[in-house]
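Some notes on the structure that comes next.
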Amino acid sequence: MVVLRREIGDVLRDARQRQGRTLREVSSAARVSLGYLSEVERGQKEASSELLHSICEALDVPMSLVLREVSDRVAVTEGLLIPDTVPIDLAASLEGGADAGWARTRAELAPIG
């Protein structure tokens with residue numbers, strides 16, 4: 001079973017470690033206690049959207065990229081093939097395209113294997 005808080009924590013920790021930053025540095029920049037950030041990274045605490053936003057800002061990583069990586073990890077666990085591009089209807093809706101909603105059914109996603 002996928003536990004979202006663990007996936008979010010793993011992605012945040014990976015981002016921090018890739019930057020060569022300490023928990024102390026990021027917790028200070030995000031204005032969250034070091035202990036709480038540690039618990040979020042270990043998947044022991046749920047990060048509110050506000051806290052997640054603060055951590056992402058402290059890491060200078062867009063929250064959308066963090067959530068996309070989490071989504072990709074969940075998709076792999078579910079046995080789904082992850083598309084490597086933004087769906088054209090989503091891109092069109094973000095660019096102000098005419099009534100281009102983004103709705104994908106599970107059947108539209110390609111299974112792995």
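The values are calculated or read from the model by the stated rules, or taken from the named source; none is laboratory data. As the structure is a prediction and not an experimental result, all values here were calculated from the model. A quick note on method: Cβ atoms are made from the backbone with ideal geometry, for glycine too, and the neighbour counts reach across all protein chains shown. When the accessible area is computed, the model is the full protein with side chains, heavy atoms only, and any ligands, DNA or RNA have been set aside. Shrake-Rupley method; radii C 1.70, N 1.55, O 1.52, S 1.80 Å.
Quickly run through region 9-23 and pick out the residues that are open to solvent by 30 Å² or more (accessible area, probe 1.4 Å), in contact (Cβ under 8 Å) with a residue 24 or more places away in the chain and not charged (D, E, K, R).
The answer is Gln19, and nothing else.
Which one of these is modelled with pLDDT of 95 or more and touching a Gly at 6+ places or on another chain (Cβ under 6 Å): Gly20, Gly35, Gly43?
Exactly one of Gly20, Gly35, Gly43 is modelled with pLDDT of 95 or more and touching a Gly at 6+ places or on another chain (Cβ under 6 Å), namely Gly43.
Starting from region 42-65, keep only residues that are closer than 15 Å to Glu7 by Cα, then list their pairs with residues that are assigned to a helix (DSSP H, G or I) and aromatic (Phe, Trp, Tyr) whose Cβ atoms are within a distance under 7 Å, requiring at least 6 positions of separation or different chains.
If the second residue must be assigned to a helix (DSSP H, G or I) and aromatic (Phe, Trp, Tyr), the pairs left are Lys45/Tyr36.
Could you please let me know if Arg31 is at negative phi and open to solvent by 60 Å² or more (accessible area, probe 1.4 Å)?
Answer is no for this residue.
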